[in-house]
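Encoded as structure tokens, the structure appears first; notes follow it.
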Amino acid sequence: MPEPGYYGRFGGAFIPEILVATFDELREAFESARNDPAFWREFEEMMSTYSCRPTPITFAENLTADFGGARIFVKREDLNHTGAHKANNVMGQGLLVKRMGKTRVIAETGAGQHGVATATMAAKLGLECTIYMGEVDVARQRPNVFWMERLGATVVPVTEGSRTLKDAINEAFRDWVTNMDDTHYALGTACGPHPFPEMVSYFQSIVGQEAREQIQASAGKLPDRVYACVGGGSNALGIFSAFLEDDGVELIGVEAGGRGAGIGQHAARLGLDDATVGVAQGYKTYFLQNAEGQMQETHSVAAGLDYVGVSPILADLHEKGRVRFESATDTEVVDALSLTVRREGLIPALESSHAFAHAFKEAPQMSPDEVILINQSGRGDKDIFTVADAFDDPKWKAFIQEKAEAYRG
């Protein structure tokens, strides 16, 4: 039996000695909460009254007809409060923060959805909040930065390294080491040192619990395939968790294929087989790194998938053959987003659109009695600047120019 915090050969807690007591406190608080039925009831109550849970599933009737294969259903995490699955995890961690008596939360964010969710939780629960965000992501996710600041959070642009998600995580850990007595680090994905992978997956499992019941009611059966995008892995583990014991349900994680093959061109750790096993940021998993263990540059049109590592839980499921990993290029993702908007009136985030893109590839080869379930982990309004550039929309360009001229005036 593996040690606590390990999933096969992955996971662990490779942390500096100064943080050991803080992690012990967090593990004890999490185990106490998880073993207390009243805690999960409190969590569900908060999510139902504050965050619109349960989120529904939607039958994509038009896309199903277009592809002529499997029936396509969509789990609507975009309808969760703040527009993504991220609220599930941060509200759960927020309740833990209150149990531990901490007064401040910090977080990292790439796409900004975790940052907005954390800032929202802090406002709701009366906590001080600081968000670390790579300078590159601050620029391409400006609407989310605006809302974080309006919610009372301090947003700190990270100017070191590649100025993206991995660098934001590093800065958040530095803050925590300095302020651990009153501060909790609300890590946003199922990565990092134990107990974060297990804890984040636990709170996100509410997605899968709902989806399993809903798909059987709507489709009359379990899905044949479940698709989810994978950055760190929290939304994927959330929906996959309810189907892990069902051998007839294939689980597909779709990573960022970016511009295509080649180090620095993508963020597909397992989908393009460019990653190797290493230890970084407190845990052991597959990383995009060189022979000396130095983290490599990554690229994705989706800020939330632009990360060098992957959840140790998913790494283990990959090695066991339980989760199949694929990748989708930036071009495929933008095309899938455009098609979904036009044909279904759904606006998935660029991250979620990776799952749509690969599902669209495979749906036509499946039979009409088969069922696909796609996790729409977030909504795309946060991506308006990136998407408008990708569409090369002349009206959008004219609008931005007019606004810039007005500000200069």
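List of remarks:
- ILE215 vs. criteria aliphatic (A, V, I, L, M), at pLDDT 95 or above, in a helix (DSSP H, G or I) and out of contact with any Leu (no Cβ under 8 Å at 6 or more places or on another chain): no
- Members of segment 132-144 found to be crowded, with 19+ Cβ neighbours inside 10 Å, over 16 Å from the mean Cα position of the chain (by Cα) and farther than 10 Å from VAL158 by Cα, listed by number: ARG140
- One residue alone among GLN281, GLN265 is in the same structural domain as ASP224 (by TED's automatic domain parsing) and under 25 Å from PHE196 (Cβ atoms), and that residue is GLN281.
- Taking the criterion of being touching a residue at least 60 places away in the same chain (Cβ under 8 Å) and hydrophobic (A, V, I, L, M, F, W, C), the residues of segment 48-72 that qualify are ILE57, PHE59, ALA60, LEU63, PHE67, ALA70, ILE72.
- Listed by position, the helices (runs of 4 or more DSSP H) inside segment 300-409 whose residues that are modelled with pLDDT of 95 or more number at least 2 are 312-319, 330-344, 350-362.
- Taking segment 199-224 as the range and being among the basic types (Lys, Arg) and either closer than 22 Å to LEU187 by Cβ or surrounded by fewer than 19 Cβ atoms within 10 Å (Cβ to Cβ) (or both) as the test, only LYS221 passes.
- Looking across segment 127-175, the residues that are in contact with a Ser or Thr (Cβ under 7 Å, 6 or more places away or on another chain), over 19 Å from GLN93 (Cβ atoms) and assigned to a helix (DSSP H, G or I) come down to GLU135, VAL136, ASP137, ARG140.
- Qualifying residues in segment 145-175 (those that are charged (D, E, K, R) and free of Cβ contacts under 8 Å to residues at least 40 places away in the same chain) - the one surrounded by the most Cβ atoms within 10 Å (Cβ to Cβ): ASP167
- Options VAL138, VAL97: the member that is of a type in the set (Val, Ile, Thr) and at pLDDT below 95: VAL138
- Test: residue in segment 75-88 that is at pLDDT 95 or above and either more than 30 Å from ARG343 (Cβ to Cβ) or among the β-branched types (Val, Ile, Thr) (or both): no
- Condition met for LEU251 (assigned to a helix (DSSP H, G or I), in contact (Cβ under 8 Å) with a residue 60 or more places away in the chain and under 21 Å from LEU305 (Cβ atoms)): no
- Scope segment 387-409; condition loosely packed, with under 10 Cβ neighbours inside 10 Å and within 30 Å of the chain's Cα centre (by Cα); matching residues: ASP392
- Residues located in segment 255-304, provided they are touching a residue at least 24 places away in the same chain (Cβ under 8 Å), crowded, with 20+ Cβ neighbours inside 10 Å, among the hydrophobic types (A, V, I, L, M, F, W, C) and within 24 Å of GLY321 (Cβ to Cβ): ALA256, ALA267, ALA268, LEU270, LEU272, ALA275, LEU288
Per-residue answers, yes or no, for (1) assigned to a helix (DSSP H, G or I); (2) touching a Leu at 6+ places or on another chain (Cβ under 9 Å); (3) surrounded by 14 or more Cβ atoms within 10 Å (Cβ to Cβ):
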| site | (1), (2), (3) |
| --- | --- |
| GLU25 | yes, no, yes |
| SER32 | yes, no, no |
| MET46 | yes, yes, yes |
| ASP66 | yes, yes, yes |
| GLY69 | no, no, yes |
| PHE73 | no, yes, yes |
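- Boolean, ALA217 is without any contact (Cβ under 8 Å) to a residue 60 or more places away in the chain and of a type in the set (A, V, I, L, M): yes
- Cβ pairs under 8 Å, 6+ apart, first in segment 176-198 and touching a residue at least 12 places away in the same chain (Cβ under 8 Å), second in a helix (DSSP H, G or I) and among the hydroxyl-bearing types (Ser, Thr, Tyr): TRP176/THR22; MET180/THR22; ALA186/THR118; GLY188/THR118; GLY188/SER234; THR189/SER234; ALA190/SER201; ALA190/SER234
- Number of the exception - THR120 against (1) in contact with a Lys or Arg (Cβ under 8 Å, 6 or more places away or on another chain); (2) part of a helix (DSSP H, G or I); (3) buried (at least 24 other Cβ atoms within 10 Å of the Cβ): (1)
- Residue check, ALA242 in contact (Cβ under 8 Å) with a residue 40 or more places away in the chain, over 30 Å from GLN296 (Cα atoms) and either crowded, with 24+ Cβ neighbours inside 10 Å or not β-branched (Val, Ile, Thr) (or both): no
- Any pair with Cβ under 9 angstrom, 6 or more apart, that starts in segment 23-34 at a residue that is farther than 17 Å from TYR185 by Cα and ends at one that is at pLDDT 95 or above and hydrophobic (A, V, I, L, M, F, W, C): SER32/PHE39; ALA33/PHE39; ALA33/TRP40; ALA33/PHE43; ALA33/LEU95; ALA33/LEU96; ARG34/TRP40; ARG34/MET199
The values are calculated or read from the model by the stated rules, or taken from the named source; none is laboratory data. Source: prediction; values computed, not measured. Ideal geometry is used to build each Cβ from the backbone, glycine not excepted, and the neighbour counts take in all protein chains shown.
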